[in-house]
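Here the structure comes first, spelled out in structure tokens, and everything after it is commentary.
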Amino acid sequence: MPTNEAGHQTLEQVRAVLHSQARIGPAFRPDRLEIDEEGTLTIEGEVESVAAKKRALAQIAALGAVTAIVDRLHVKPAAPMGDAEIRAHLGRFFSQDPAFAGLTVRQMHHESYDPVYEPVYEVVAEGAPESAGHIDIEVRDGAITLNGQVPGLNSQRLAGVMAWWVPGVRDVINGLAVEPPEEDAPIRIEEAVRTALERDPYVEAGQVRVGVLHREVRLTGVVASEGLKEMAEQDAWCVLGVDNVINEIAVRP
């Protein structure tokens with residue numbers, strides 16, 4: 001258990017790590033940063049991107065004194081959007097994408113939430129009778145939670161990427177189970193990154209090559225602009241299980 005002095009030193013280490021990250025920078029001040037006697041760190045605040053959030057958490061997790069992290073870091077939304085609008089966007093994404101064909105898609109409304117009673121869901125896409133898969137969408141203050149089960153890791157990861165694509169989203173908690181279970185591996189992450197790039201209408205997926213070592217993604221190839229290069233990297237960061245992205249895509253207008 002850390003003493004008060006040890007806890008203070010750990011928090012100073014965390015602040016140093018955050019300030020050293022180029023995507024976060026010395027101007028970042030978390031709204032909440034605490035560590036308890038068991039070494040569980042709670043961090044709350046808003047960062048600029050999914051990349052900044054993931055890199056910050058990875059760096060903090062590498063500190064020996066931090067035994068667990070309560071992650072309340074949110075990403076600055078690309079556009080202001082209410083929870084109902086976020087739910088509607090995501091419901092359309094899932095009901096129209098062939099990866100989720102045959103699955104039941106449901107939305108939980110805030111007004112139906114009560115911890116004592118079962119939540120009330122609205123069905124936005126009716127699943128096939130023989131399918132046991134379903135996706136439940138919950139949105140609270142811009143944070144999307146996905147629950148249910150899908151038929152593969154690729155579908156699970158694609159669902160999370162699509163949630164991150166909604167302009168008003170601040171966080172994504174992907175609780176989707178995979179049934180039947182699949183063993184994860186770098187090739188599974190590579191498949192998910194490729195799928196995300198192919199689904200993104202703004203990215204020239206055919207111009208981007210993807211390699212994965214452990215949980216680190218390397219992007220190469222040639223695209224026509226810095227914007228397209230950055231969008232491809234953002235898609236990779238949005239994939240569940242990706243810990244780092246090395247973007248070596250060349251830009252040739």
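The values are calculated or read from the model by the stated rules, or taken from the named source; none is laboratory data. None of the values given here were measured: they were computed from a predicted structure. Note that each Cβ is placed from the backbone with ideal geometry, even for glycine, and that neighbours are counted across all protein chains shown.
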Kindly provide the set of residues from the stretch 206-226 that are without any contact (Cβ under 8 Å) to a residue 12 or more places away in the chain and either in contact with a Cys (Cβ under 7 Å, 6 or more places away or on another chain) or closer than 12 Å to Ile249 by Cβ (or both), ordered by number. none
By residue number, the members of the stretch 209-227 that are closer than 22 Å to Ala163 by Cβ and crowded, with 17+ Cβ neighbours inside 10 Å are Val210, Val212, Val217, Leu219
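Given the structure, is Ile43 in contact with a Pro (Cβ under 9 Å, 6 or more places away or on another chain), in contact (Cβ under 8 Å) with a residue 24 or more places away in the chain and farther than 22 Å from Asp235 by Cα? Break it down into steps so the answer makes sense when it comes.
Values: in contact with a Pro (Cβ under 9 Å, 6 or more places away or on another chain): yes; in contact (Cβ under 8 Å) with a residue 24 or more places away in the chain: yes; farther than 22 Å from Asp235 by Cα: yes.
Answer is yes for this residue.
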Could you check how many residues of the stretch 214-249 are assigned to a strand (DSSP E or B) and acidic (Asp, Glu)? 1
Only one of Gly206, Gly211, Gly168 is over 12 Å from the mean Cα position of the chain (by Cα), outside the structural domain of Ile144 (by TED's automatic domain parsing) and outside any helix (DSSP H, G or I), namely Gly211
Is it true that some residue in the stretch 186-197 is within 23 Å of Ala88 (Cα to Cα) and part of a strand (DSSP E or B)? no
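Can you tell me which residue within the stretch 233-242, out of those that are farther than 13 Å from Ser49 by Cα and in contact with a strand residue (DSSP E or B) (Cβ under 6 Å, 6 or more places away or on another chain), is surrounded by the fewest Cβ atoms within 10 Å (Cβ to Cβ)?
As a first pass, look at the stretch 233-242 and keep what is farther than 13 Å from Ser49 by Cα: 239-242.
When the remaining residues are screened for being in contact with a strand residue (DSSP E or B) (Cβ under 6 Å, 6 or more places away or on another chain), the result is 240, 242.
Numbers: Leu240: 18, Val242: 21.
Checking each candidate, the answer is Leu240.
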Over the stretch 135-171, the set of residues farther than 19 Å from Gly102 by Cα, surrounded by fewer than 22 Cβ atoms within 10 Å (Cβ to Cβ) and without any contact (Cβ under 8 Å) to a residue 60 or more places away in the chain is Glu138, Arg140, Asp141, Thr145
Assuming Ala128 fulfils every condition listed in (1) among the aliphatic types (A, V, I, L, M); (2) within 28 Å of Glu183 (Cβ to Cβ); (3) touching a Gly at 6+ places or on another chain (Cβ under 7 Å); (4) touching a residue at least 40 places away in the same chain (Cβ under 8 Å) apart from one, which condition is it? (4)
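Quick check, is Gly102 of a type in the set (Gly, Ala, Ser), over 16 Å from Val166 (Cβ atoms), not in a strand (DSSP E or B) and not assigned by TED's automatic domain parsing to the domain that holds Gly241?
yes
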